[in-house]
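Below: the structure, in structure tokens.
Where a number appears in this text, it was derived from the coordinates with a stated rule and is not lab data. Remember, predicted model here, so these are calculated numbers, not experimental data. Cβ placement follows ideal geometry from the backbone for every residue including glycine, while neighbour counts extend to all protein chains displayed.
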Amino acid sequence: MTPIQIIEQEFNSLKQRIADNLDETGTTASGQTKESLDVKTFVDGCILYGRKAFATVETGRKEGSIPFDFVEIIRRWAISKGIRPDPIQYIRQESERWRPKYTPEERGMNAFAGSVAYTIRERGTQLHRNNGRNDIFSNEIQKTVEIIKSRLTELYKQLAIEKLQGGTL
């Protein structure tokens, strides 16, 4: 096995362990973060790619500006997580001159998503306020570095022994 093959094998193992951790910690909602993980192999190493804001699975999102469609993003997240806010009934009665734009369930979800988006904009996510976590990828990266170092050391030691025994060194 070549050094690049060892590195690629360990990066693919890292990718799988991170995906498993996302599931085990209940972090997965839509699966987009997990699906964004991709190992690219080059002549001199590998890179594990993830979505743009991948680190937020451990750090959370700090307060501040939010995307234009953030309420819709939160709404989709809540649906993916199976969150069902209480419906908000209309006081006004439907008539020929007025028909409700949303169902009571949609009104409840919109109010929930708007409230969550506002809280994140003003205070950040709860994960961020609680100083994050390190059980998704940080620990796994350290393990992977140690495994790669150990496997490469063993490979080069074996190659050196073979060269010495063959008398070609």
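Here are the numbers:
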read-out	value
For q = 0.14, 0.29 Å⁻¹, Debye-computed log10 I/I(0) when each Cα of region 110-164 counts as one equal scatterer	-0.61, -1.02
Cα-Cα pairs of region 49-110 separated by more than 17 Å (percent)	60
Cβ-based exposure ranking for 61, 123, in which fewest neighbours within 10 Å come first	123, 61
Gained length - residue 76 relative to residue 138, 0.36 nm times residue gap less alpha-carbon distance	19.6 nm
Choice from 158, 93, 32 showing the highest fluctuation, given a GNM over the chain with Cα pairs closer than 10 Å	93
Whole-Å distance, taken between Cα centres, linking region 33-66 and region 71-127	29
Gaussian network model of the chain, Cα within-10 Å springs - most flexible of 113, 53, 29	53
Rh (Kirkwood; distinct C-alpha pairs) - the chain, Å	19.9
Rel. contact order, % - alpha carbon contacts under 8 angstrom, at least six apart, region 63-123	55
Residue exposure sequence - 47, 147, 7 - by fewest surrounding Cβ within 10 Å	47, 147, 7
Simple Cβ-charge dipole of region 63-123, Lys/Arg +1 and Asp/Glu -1, about Cα centre, in debye nearest 20	60
Helical mean residue ellipticity (222 nm; -39500 (n - 2.57) per DSSP H run of 4+; nearest 500) of the chain	-18000 deg cm²/dmol
Neighbour-count order for 116, 145, fewest beta carbons within 10 angstrom listed first	145, 116
